[in-house]
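The values are calculated or read from the model by the stated rules, or taken from the named source; none is laboratory data. All figures in this text were calculated on a predicted structure; none of them were measured in a lab. Note that we place each Cβ from the backbone using ideal geometry, even for glycine, and neighbour counts take in every protein chain shown.
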Amino acid sequence: MEIIQSYAHLNEGSPYLKKSENNKKVLNFYSFLLSYFTLKKYYGKITMYCDKKGHELLVKYIPYDKINLIENENKFKFWSYYKVDIIKQMSNDFIHVDSDVFIFDDLFSSFINSNNYDAIVQDKIPKKTNYSNTYVNLYKNYLIKDNIFDPKLYDGRCYSCGTVGLRMRIKDDYIQIAEAIKKGFMTEKKFKINYIGMVCEELALYLSKLKFGFKVYEILPHKSIIKNGPAITGNMMKYTHMYLETKYMPNYVKLIRSKVIKEFPEAIDYIEKYEKDVMKNSKYLKEICT
C-alpha cells in the first residue's frame with residue numbers, strides 16, 4: 001500500500017487566502033512537515049507528487065522518501081483536481097493524505113489489512129453541512145443525458161477526502177465519474193454552484209459509491225460526525241485536519257512548529273534550513289518562533 005501526498009503551486013495563490021494575504025503561503029511548510037513526519041512514523045516510505053515550481057519553493061525542504069514531478073495542467077477554478085490527476089497515475093493500491101492532515105495513531109491499518117474495503121475516506125459529510133448538495137439537482141439533466149449518475153440515488157451527502165485511498169479495482173470507475181463531472185464544467189462561463197473542486201473530487205467519489213456499491217471505510221465515524229462535528233470527532237480519533245485558512249494562521253502555525261520540534265527533533269535541521277532560505281524576510285518568522 002503506497003502512502004502518497006501531492007502539491008501543485010498555484011500562481012493565483014491559495015483559494016483559502018485573499019490576494020492581499022498571499023505572503024502567508026510560506027507558512028505552508030510547517031503543516032507539510034508535521035504531516036510528513038506523523039505519516040512516516042506509522043507507515044514508513046512517503047511519496048510526494050508535485051510540480052517543478054512547488055518542488056523548488058516548498059517540497060525540496062521536506063525529506064520525502066520519493067518525489068515524482070508532474071506538472072499541473074488545471075486552471076485555477078479546478079485547483080484541487082491535481083489530486084485526481086495523481087490518482088489517475090497510480091498503478092497500486094494507495095492512500096493519499098492532504099498535507100494539512102496530521103495523524104497521531106495508526107488509523108489506516110483497518111483499511112490496509114482488509115481487502116473487504118474498496119476505499120478509505122476521512123469522513124462522510126451530512127446533508128445539512130454538505131456545501132455541494134445542490135449539484136445533483138442543478139445538473140441532473142447533464143448527469144442523466146450522459147449516463148453519469150442516476151439522481152434518484154442521491155441522498156444529499158458527500159465524502160470529505162482529507163484522506164482518501166482506493167483499491168485499483170475501483171479506480172477507473174471513480175475516475176470516469178470525476179472526469180465526466182469536470183467535463184460538464186469546462187465550457188461554463190458562469191457556474192451555478194461554488195465548490196467546484198469539491199464536486200469534481202469528493203462528491204464524485206460519493207456518487208461513485210452510490211452508483212457502483214463500493215464499500216468505504218470512514219476514518220471518522222459518521223454517527224460521531226453528526227453528534228459532535230468533524231473537529232471534536234477528529235480529536236477523539238487522534239486525527240487533525242487544518243481546515244480552510246487555519247494552516248496559514250500564525251497562532252496555529254506556532255503550535256504546529258513547536259509540536260514538530262518536540263515530537264520529531266530530527267526535523268529541526270529542515271526547519272532551520274527553510275527559515276534561513278525562505279522565512280528570513282518574512283514578517284511572520286518572529287511571531288511563530290517566540
Give just the number: which of (1) under 26 Å from A180 (Cβ atoms); (2) in contact with a strand residue (DSSP E or B) (Cβ under 9 Å, 6 or more places away or on another chain); (3) assigned to a loop (DSSP other than H, G, I, E, B) does E73 not satisfy? (2)
Quick one: in segment 127-144, which of the residues that are exposed (fewer than 14 other Cβ atoms within 10 Å of the Cβ) and not polar (S, T, N, Q) is nearest to Q176 (Cα to Cα)? I144
For the list (1) out of contact with any His (no Cβ under 8 Å at 6 or more places or on another chain); (2) surrounded by 13 or more Cβ atoms within 10 Å (Cβ to Cβ); (3) not in a loop (DSSP other than H, G, I, E, B); (4) not aliphatic (A, V, I, L, M), I need the number of the one condition that S80 fails. (3)
Output the residues belonging to segment 14-32 that are surrounded by fewer than 20 Cβ atoms within 10 Å (Cβ to Cβ) and either without any contact (Cβ under 8 Å) to a residue 12 or more places away in the chain or small (G, A, S) (or both). S14, K18, K19, S20, N22
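Of all residues in segment 207-233, how many are closer than 19 Å to V101 by Cβ and either charged (D, E, K, R) or part of a helix (DSSP H, G or I) (or both)?
Applying the first criterion (closer than 19 Å to V101 by Cβ) to segment 207-233 yields 216-222, 224-225, 228-233.
Remaining after also requiring either charged (D, E, K, R) or part of a helix (DSSP H, G or I) (or both): 218, 222, 224-225, 228-233.
Looking only at that region, the number is 10.
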Any residue at all in segment 203-214 that is farther than 15 Å from Y117 by Cα and either over 21 Å from the mean Cα position of the chain (by Cα) or modelled with pLDDT under 95 (or both)? yes
Cross-chain or 6+ apart pairs with Cβ under 8 Å, segment 41-57 first and surrounded by 18 or more Cβ atoms within 10 Å (Cβ to Cβ), then assigned to a helix (DSSP H, G or I) and not aromatic (F, W, Y): I46/L39; I46/K40; M48/V59; Y49/I86; Y49/Q89; C50/V59
Every residue from segment 184-202 that is over 22 Å from the mean Cα position of the chain (by Cα) and either among the basic types (K, R) or assigned to a loop (DSSP other than H, G, I, E, B) (or both): T187, E188, K189, K190, F191, K192
Those residues that are part of a loop (DSSP other than H, G, I, E, B) and in contact (Cβ under 8 Å) with a residue 24 or more places away in the chain, I need them from segment 250-289; list them, please. F264, V278, M279, S282, K283, Y284
Report every pair of residues separated by at least 6 positions or lying on different chains whose Cβ atoms are under 6 Å apart, first residue within segment 112-140 and modelled with pLDDT under 95, second among the acidic types (D, E) and surrounded by fewer than 18 Cβ atoms within 10 Å (Cβ to Cβ). none
Name the residues in segment 91-110 that are part of a loop (DSSP other than H, G, I, E, B) and more than 11 Å from Q122 (Cα to Cα), would you? S91, N92, D93, S99, D100, F104, D105, D106
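So which residues in segment 125-181 are outside any helix (DSSP H, G or I) and within 12 Å of L205 (Cα to Cα)?
F149, R157, C158, Y159, S160, C161, V164, G165, L166, listed by residue number.
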Conditions (1) surrounded by 14 or more Cβ atoms within 10 Å (Cβ to Cβ); (2) within 28 Å of E2 (Cβ to Cβ); (3) of a type outside the set (A, V, I, L, M): number failed by D150: (2)
If we scan segment 154-161, do we find a residue that is at negative phi and either surrounded by fewer than 14 Cβ atoms within 10 Å (Cβ to Cβ) or more than 22 Å from the chain's Cα centre (by Cα) (or both)? yes
Unique residue being part of a helix (DSSP H, G or I), buried (at least 22 other Cβ atoms within 10 Å of the Cβ) and small (G, A, S) when the list is S6, S35: S35
Kindly evaluate I67 against the criterion of being closer than 22 Å to T240 by Cβ, under 19 Å from the mean Cα position of the chain (by Cα) and outside any helix (DSSP H, G or I). no
Within segment 91-126, restricting to residues that are within 30 Å of E188 (Cβ to Cβ) and in contact with an Asp or Glu (Cβ under 7 Å, 6 or more places away or on another chain), the one that is surrounded by the fewest Cβ atoms within 10 Å (Cβ to Cβ) is K124
Restricting the search to segment 205-233, which residues are surrounded by fewer than 19 Cβ atoms within 10 Å (Cβ to Cβ) and among the aromatic types (F, W, Y)? F212, Y217
